[in-house]
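S.K.: One structure coming up, written as structure tokens, with questions to follow.
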Amino acid sequence: MDGPAFAEMLKPKYKRVVLKLSGEGFGHRGKSGISIDETLRVARQAQRVLQSGVQLAIVVGAGNILRGAQFSAGGEVIREATAHYMGMLATVLNGLALQDALESLRCETRLQTAIRMETVAEPYIRRRCTRHLEKGRIVILAGGTGNPFVTTDTAAALRARELEADILLKATRVDGVYSEDPELNPHAVRYEKLTYAQVVRDNLRVMDVAAISLCREAKLPILVFNFKQEGNIERAIAGHKIGTIISETA
């Protein structure tokens with residue numbers, strides 16, 4: 001399907017969106033580092049989202065480069081807080097790669113970080129970020145919250161609330177939330193809808209409890225979906241029935 005029919009099919013349902021993009025979005029599965037092809041793949045979808053009139057902010061992770069938790073066992077050498085700061089700095093590498101990929105597609109962008117480093121990025125300031133979105137720029141948010149012991153999921157939930165987003169999209173490599181890890185149990189059940197309470201009660205490890213609580217307080221819906229399938233970011237923003245939606249009522 002193409003032309004006007006395809007454009008109508010992907011008509012946005014949401015005006016302002018925060019997309020949480022894990023480090024997996026920047027590389028090939030099972031490999032570390034940044035893949036230009038994979039980064040461009042995400043950038044092309046973001047470009048089409050921007051062209052549809054949606055205000056898009058992207059919170060980036062860095063699992064493809066470094067996870068702070070991987071150093072926790074060596075606490076005598078690298079303190080846990082230091083490891084978390086290392087992970088936050090790694091998100092800036094992904095943010096810079098995504099920024100250049102988007103700008104190669106002629107998208108106007110801003111990279112903002114919670115840790116000040118004015119040589120490469122703006123400091124995150126809520127009002128400035130909102131203004132960039134209103135001007136049609138994609139804002140890439142790196143550095144987590146700037147604090148150790150806080151996940152990028154919580155950072156994404158926090159930014160979504162600050163920016164008054166209509167929905168928080170969590171992009172993963174699986175097509176929603178399952179009763180168990182589908183990569184370990186092929187009989188795991190995929191949920192189409194969940195409540196915040198169910199996620200916490202059943203200990204469904206889709207986001208940490210702090211992130212879920214932030215969204216619950218604001219009744220901010222969360223959509224968990226597989227972004228590796230081409231066009232799924234656009235489908236998610238168009239309100240198509242993909243992935244798992246988490247809200248106040250199932």
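S.K.: What is the distance, in nm, between label points placed 7 Å from the Cα along the Cα-to-Cβ direction at Glu183 and at Lys241?
M.R.: About 2.8 nm separates the two model spin labels.
S.K.: Same structure again: Restrict the search to the stretch 92-122; then list the trypsin sites (Lys or Arg not before Pro) that DSSP places in a loop and that have at most 12 other Cβ atoms within 10 Å of their Cβ.
M.R.: Of the trypsin sites (Lys or Arg not before Pro), the ones in loops of the stretch 92-122 whose Cβ has at most 12 other Cβ atoms within 10 Å are Arg106, Arg116.
S.K.: Just to be sure I understand: of the beta bridges DSSP finds with both ends in the chain, what percent are antiparallel, rounded to 5?
M.R.: Here the share of antiparallel DSSP bridges comes out near 15 percent.
S.K.: In addition: Work out the FRET efficiency for Arg131 and Lys219 from their Cβ-Cβ distance, taking R0 = 30 Å, and round it to the nearest 0.05.
M.R.: Efficiency, rounded to the nearest 0.05: 0.75.
S.K.: Run through the stretch 69-166 and list the chymotrypsin sites (Phe, Trp or Tyr not before Pro) located in a DSSP loop whose Cβ has at most 15 other Cβ atoms within 10 Å.
M.R.: When the chymotrypsin sites (Phe, Trp or Tyr not before Pro) of the stretch 69-166 are filtered for loop state and at most 15 Cβ neighbours within 10 Å, Phe149 remain.
S.K.: If you don't mind, another one. Where Lys and Arg each count +1 and Asp and Glu each count -1, what net charge lies around Ala160 among other residues with Cβ under 11 Å from its Cβ?
M.R.: Result for the local shell: +1.
S.K.: If one computes P(r) from the Cα atoms of the stretch 175-250, what percent of pairs lie at distances over 15 Å?
M.R.: 55 percent
S.K.: Return a single number: how many Lys pairs in the stretch 110-250, at a sequence separation of 8 or more or on separate chains, have alpha-carbon atoms below 20 angstrom apart.
M.R.: Taking the stretch 110-250 as the scope, the lysine pair count is 8.
S.K.: Among 230-241, 163-174, how do they line up by average Cβ neighbours within 10 Å per residue, starting with the highest?
M.R.: 163-174, 230-241
S.K.: Now for a separate question. Evaluate the stretch 90-239: find the radius of gyration of its Cα atoms, find its Kirkwood radius, and give the ratio Rg to Rh.
M.R.: Reported Rg/Rh (Cα atoms, Kirkwood Rh): 0.98.
S.K.: A further question on this structure: Just to check I understand the Karplus step: with θ = phi - 60° and J = 6.51 cos²θ - 1.76 cosθ + 1.60, what whole-Hz values come out for the stretch 23-31, glycine and proline as x?
M.R.: x, 4, x, 9, x, 7, 4, x, 10
S.K.: At 1.4 Å probe size, with the rest of the protein present, what percent of the exposed accessible area of the chain is carbon and sulfur atoms?
M.R.: Carbon-and-sulfur percentage of accessible area, whole number: 50.
S.K.: Send over the semi-axes of the chain's equivalent ellipsoid, whole angstrom and largest first, taken as the square roots of 5 times the C-alpha gyration tensor eigenvalues.
M.R.: Ellipsoid semi-axes (Å, largest first): 25, 23, 18.
S.K.: Going 7 Å from the Cα of Val120 toward and past its Cβ, which residues in the stretch 79-99 have a backbone nitrogen under 14 Å from where you end up?
M.R.: Those under the cut-off are 86-99.
S.K.: Right, something else. Within the stretch 93-137, which GluC sites (Glu not before Pro) sit in a loop by DSSP and count at most 10 neighbouring Cβ atoms inside 10 Å?
M.R.: Hits after loop and neighbour filter: Glu118.
S.K.: What size of dipole, in debye to the nearest 20, comes out for the chain about its Cα centre when the only charges are +1 on Lys and Arg C-beta atoms and -1 on Asp and Glu C-beta atoms?
M.R.: I would put it at about 580 debye.
S.K.: For the chain, what is the relative contact order in percent, using Cα pairs closer than 8 Å and at least 6 residues apart in sequence?
M.R.: The normalised contact order for the chain reaches 23 percent.
S.K.: List every residue whose amide H lies under 5 Å from the amide H of Ile34, counting only residues 5 or more places away in sequence or on a different chain, with H placed 1.01 Å from N in the peptide plane.
M.R.: Correct list: empty.
The values are calculated or read from the model by the stated rules, or taken from the named source; none is laboratory data. Because the structure is a prediction, the values reported are computed rather than measured. Neighbour counts are summed over all protein chains in view; Cβ atoms, including those assigned to glycine, are modelled from backbone coordinates with ideal geometry. The accessibility values were calculated without ligands, DNA or RNA, using every heavy atom of the protein model including side chains. Shrake-Rupley method; radii C 1.70, N 1.55, O 1.52, S 1.80 Å.
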